[in-house]
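Quick one: the structure is below, and I'll ask about it shortly.
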Amino acid sequence: MKDPLVIAGKELESRLFTGTGKFADHSVMREAIEQSHSQVVTVAIRRVDLDGSGKHIVNDIPEQATLMPNTSGARTAEEAVRIARLGKASGMGNWVKIEVISDQKYLLPDNEETIKATKILVEEGFVVLDYMSPDLMAAKRMEEAGAAAIMPLGSPIGSNRGIRMKEMIRIMIDEIDVPIVIDAGIGKPSEATEAMEMGADAVLVNTAIATAEDPVAMAKAFDMAVRAGRMAYISGLGQSSLQAKASSPLTGFLTSTGGGQ
Amino acid sequence: MSFYNVYEKLKDQPFKSLFDEITASDVENVLQKDGLTEADYFTLLSPAAEGYLEEMAQKAHQLTLQHFGYTMQLFLPLYVSDYCVNTCKYCSFSVDNVFPRRRLTMEEVEEEAQAIYAMGIEQIIILSGESRVHSSVDYLSKIMKILRKYFSSVGLEVQPMDREEYEELVESGIDTLTVFQETYDQEIYRDLHTKGPKRFYKYRLDTPERGCQAGMRSVTIGALLGLDDWRKESYITGLHGSYLQDNYLDTEIGISFPRVQPNAGSFQPEIHVTDQNMVQAMLALRLFLPRAGIILSTRETPQLRDQLIPLGVTKMSAASSTEVGGYTQPENTQSQFEISDERSVEEVRQLLHEKGYQPVMKDWQIV
């Protein structure tokens, strides 16, 4: 069954996006990304040598993947815009994940600054994906500004606490038309499955893979988990209920039109 | 607003007896928690917590991995001037120590920059003795024009300045400020700093805050361990870090735990801070402030530095020279203190790989 995720006209077969931070070395990172089958890989522009000196992390990203540079380190819209332009100028393509984080304690994204940066970068022809704190109205404004996808955090970055923002994200999944990619906080493959079962279009995982004892095996586990969750979602999950529902109902013979002598 | 208000409430506390009152079961309770209060942090600095260093280390390692991953940032100090106007009993640059002083010319800055860049390091810190004349904003801004060509991030560790001066330097591209309080005890501070503007305790204490206000991306603080009771100093340092984190959300706060090293004067620290003490201070801090940077200098020996890597450290220097012009003309000048780890950048990189860490040579791009 063909079920691609389409972002800015690009068809993606894998709904697992991966990050490149926190790995012990680039060869482990490369192998993990390969085994994850991920087709979208995010790279912090601040960590990339932009002078082409050959130490480029980008060289270690498998060819299957679309590069999604991110603006991590940016604390204002202005910084994010400048970082995005630097990335594009150095040949990193026109996809960009906007991260504007002005809170260094919890690393929560600044939605207002993200909206500002989105407006500017979309105008300049970037394909913009917005990392954000789950909030419906902020997401709508990002969508209006031309974001190609919205990436709400499941819980604070690196926390591995799972999808604590579930209710907010569920509303966003219902109300936002562009793809919703749950980013940050997913610590276990089962949580990635949960994200997909609830209707998210994709998930982004970094810490849980990079800091696993065996990052390569963990990457495979996430790949399978995301596929399982997606399959469950499109197969139509049964409704949950507090009361038991018999699969062969006892009152099925009653119809509104039957009987009535 | 000032951290001095916090210090004033703390300064007359009977630290020693309060630390001694803490029991093993207090420590065990704290180790069960996720987020620590100031009181919990205090508990982990107590003598009773010495029996739990391994448990603390395991938690500190996990927390560091979670937030920073298997990465270690590398940086180098660039000493540009050893002129100083202060008398600090423990420092070689003290104005009372007689040696030929010098300051790098712009040509020499360029040569030093090239030598550092050739080692593969892209993050550096400009250091100098404390002299407003010799390391003026103008001089530092001129240096920045050169350094911007080579480095992606440039920090500053010079004499404390006013907020407006920091703003100018931020504008020139400097993104990180390091300022050590040396000791938080105001009386000991006065005894150790006998002459010069450094005598003004409160101006120095408020320096990190001025750096945050001026828009420095990262501000690192610390006490020079060995000048007063290390438990008390570590506690106040942690509180200072927490204060800055809470009040300046957009500044990344780092903490360093330098210990007094041999220097050109005759000063001998009265308080011996053991390796175990320093490790306890570092672990407690990591558990209290999981997102703070922890910076490790080459003051420590290679053997110890190797062991400290997984305990919460996020940033370390490598192949440091603490002399003005030390990367191109090593025999010429007076070092600020003796470094203990003389390994090359390549050796440190190799070590990190062996330990399962990725050396990060660049973590920010001046934009």
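Read the figures in this text as sums done on the coordinates, not as results from a lab. It should be emphasised that the depicted structure is a prediction, and the values quoted were computed from it without experimental measurement. Backbone-built Cβ (ideal geometry, glycine too); neighbour counts: all protein chains shown.
Which are the unpartnered cysteines of chain B, meaning those with no other cysteine Cβ under 4.7 Å from their Cβ?
B:CYS84, B:CYS212, each lacking another Cys Cβ under 4.7 Å.
Which of B:HIS272, B:GLN213, B:LEU249 sits closest to the plus end of the dipole of the stretch B:153-277, meaning its Cα is farthest towards the positive end, when Lys and Arg get +1 and Asp and Glu get -1 on the C-beta?
Positive-end residue among those listed: B:HIS272.
Rounded to the nearest 20 Debye, what is the dipole magnitude of chain A about its Cα centre when Lys and Arg each give +1 and Asp and Glu each give -1 at the C-beta?
In debye, rounded to 20, chain A gives about 300.
List the pairs from B:LYS145/B:LYS315; B:LYS16/B:LYS362; A:LYS116/B:LYS362; A:LYS105/B:LYS362 whose alpha-carbon separation is above 30 Å, in the order I gave them.
Cα-Cα > 30 Å for B:LYS16/B:LYS362; rest within.
Could you size up the charge dipole of the stretch B:65-219 around its Cα centre, putting +1 on the beta carbon of Lys and Arg and -1 on that of Asp and Glu, and report it in debye to the nearest 20?
In debye, rounded to 20, the stretch B:65-219 gives about 240.
Indicate, rounded to the nearest 5 percent, the antiparallel portion of the DSSP beta bridges found entirely in the protein assembly as shown.
For the protein assembly as shown, the DSSP antiparallel bridge percentage is about 10.
I need the Debye-formula profile for chain A: one equal scatterer per C-alpha, no solvent, reported as log10 I(q)/I(0) at q = 0.08, 0.16 1/Å, two decimals.
-0.33, -1.18
Rank B:ALA284, B:GLN73, B:GLN307 by how far each Cα sits towards the positive end of the charge dipole of chain B (+1 on Lys, Arg Cβ; -1 on Asp, Glu Cβ) and give me just the farthest.
The Cα lying farthest towards the positive end belongs to B:GLN73.
Each label point is 7 Å from the Cα along the Cα-to-Cβ direction; what then is the distance between the points at B:GLU54 and A:THR251, in nm?
6.4 nm
Express in nm, to one decimal, how much length is gained between A:ASP25 and A:LYS10 on full extension, taking 0.36 nm for each residue of separation and deducting their alpha carbon distance.
2.4 nm
Report relative contact order for chain B in percent, whole number only (criteria: Cα-Cα under 8 Å, sequence separation at least 6).
It rounds to 24 percent for chain B.
Specify whether the C-alpha gyration tensor of the stretch B:50-123 places it in the rounded, prolate or oblate class, a ≥ b ≥ c being the square roots of the eigenvalues: rounded for a/c under 1.5, otherwise prolate if a/b is larger than b/c and oblate if not.
Since a/c reaches 1.5 but b/c is at least a/b, the shape of the stretch B:50-123 is classed as oblate.
Given an 8 Å cut-off on Cα distances and at least 6 residues of separation, report the relative contact order of the stretch A:63-159 as a percent.
24 percent
Taking the Cα centre of chain B as the origin, how large is its charge dipole in debye, to the nearest 20, when only Lys and Arg (+1) and Asp and Glu (-1) carry charge on their Cβ atoms?
So the dipole magnitude of chain B works out to roughly 420 debye.
Put +1 on the Cβ of each Lys and Arg and -1 on the Cβ of each Asp and Glu in the protein assembly as shown; which of B:GLN329, B:GLN181, A:PRO249 then has its Cα farthest toward the positive end of the dipole?
Toward the positive end, the furthest listed residue is A:PRO249.
Test of understanding: in a Gaussian network model of chain A with alpha carbons linked when under 10 Å, which of A:THR251, A:THR66, A:THR18 would top the mean-square fluctuation ranking?
Of A:THR251, A:THR66, A:THR18, the Gaussian network model singles out A:THR251 as fluctuating most.
Once amide H atoms are built 1.01 Å from N in the peptide plane, which residues 5 or more positions from A:LEU12, or in another chain, come under 5 Å H to H?
HN-HN under 5 Å from A:LEU12: A:LEU5, A:VAL6, A:ILE7.
Something else: Where does each of B:TYR166, B:TYR357, B:TYR79 land when they are ranked from fewest to most other beta-carbon atoms within 10 angstrom?
B:TYR357, B:TYR166, B:TYR79
For the stretch B:14-22, in order, what is each residue's ³J(HN,Hα) by Karplus, 6.51 cos²θ - 1.76 cosθ + 1.60 with θ = phi - 60°, in whole Hz (x at glycine and Pro)?
x, 3, 4, 5, 5, 5, 5, 6, 6
Here's something else I'd like to know. Does anyone have the angle between helix A:77-89 and the longest principal axis of chain A? Alpha-carbon axes, 0 to 90°, nearest 10?
Once rounded, one gets 70 degrees.
Quick check on the exposure proxy: order B:SER128, A:SER155, A:SER90, B:SER2 from fewest to most C-beta atoms within 10 angstrom.
Going from sparsest to densest Cβ surroundings: B:SER2, A:SER90, A:SER155, B:SER128.
Taking chain A as a Gaussian network, Cα atoms linked when under 10 Å apart, which of A:ALA212, A:ALA117, A:ALA32 shows the biggest mean-square fluctuation?
Answer for the Gaussian network model of chain A: A:ALA212.
Over all directions, what mean area does the Cα convex hull of the stretch B:70-113 project, stated in square nanometres?
5.0 nm²
Once the piece of chain linking B:SER141 and B:VAL6 is laid out straight, how much longer is it, given 0.36 nm per residue of separation minus the C-alpha distance between them?
Length gained, B:SER141 through B:VAL6: 45.2 nm.
Under the definition of Cα pairs under 8 Å and six or more residues apart, what whole-number percent is the relative contact order of the stretch B:1-141?
Once divided by the residue count of the stretch B:1-141, the mean separation gives 22 percent.
Go through A:LYS10/A:LYS220; A:LYS88/A:LYS188; B:LYS149/B:LYS198; A:LYS97/A:LYS166 and tell me which ones have a Cα-Cα distance over 29 Å in this structure.
As for pairs spanning more than 29 Å Cα to Cα, those are A:LYS88/A:LYS188; B:LYS149/B:LYS198.
Other chains' Cβ within 10 Å of B:144-153 residues: what's the mean?
Across the residues of B:144-153, the mean count of other-chain Cβ atoms within 10 Å is 1.
If you don't mind, there's one more thing I want to ask. Using a Gaussian network for chain B with springs between C-alpha atoms less than 10 Å apart, which of these wobbles most: B:PHE180, B:PHE93, B:PHE15?
Maximum fluctuation in the GNM of chain B, among the listed residues, is at B:PHE15.
Which three lengths, in whole Å and largest first, does the stretch B:71-190 cover when its Cα atoms are put on their principal axes?
42, 33, 31
With no solvent and one equal point scatterer placed on each C-alpha of chain B, evaluate the Debye formula and give log10 I(q)/I(0) for q = 0.08 Å⁻¹, two decimals.
Relative scattering, expressed as log10 I(q)/I(0), comes to -0.37.
First check a/c for the protein assembly as shown, with a ≥ b ≥ c the square roots of the eigenvalues of its C-alpha gyration tensor; if it is under 1.5, answer rounded, and if not, answer prolate when a/b is larger than b/c or oblate otherwise.
prolate
Which of B:MET1, B:MET119, A:MET68 comes first, and how do the rest follow, when ranked by fewest Cβ neighbours within 10 Å?
Starting with the residue having the fewest Cβ neighbours, the order is B:MET1, B:MET119, A:MET68.
What fraction, in whole percent, of alpha-carbon pairs in the stretch B:146-250 exceed 22 Å separation?
That tail contains 34 percent of the Cα-Cα pairs.
Quick check on the stretch A:64-106: take the gyration tensor over C-alpha atoms, sort the square-rooted eigenvalues as a ≥ b ≥ c, and tell me if it's rounded (a/c under 1.5), prolate or oblate.
oblate
Oh, and also: Between B:ASN29 and B:TYR203, what is the label-point separation in nm under the 7 Å Cα-to-beta-carbon projection?
The modelled label-to-label distance comes out at 4.5 nm.
Sticking with this structure for a sec: Quantify how strongly other chains surround peptide A:206-218 by giving the mean number of their Cβ atoms within 10 Å of each of its Cβ atoms.
Average neighbour count from other chains, rounded to a whole number: 2.
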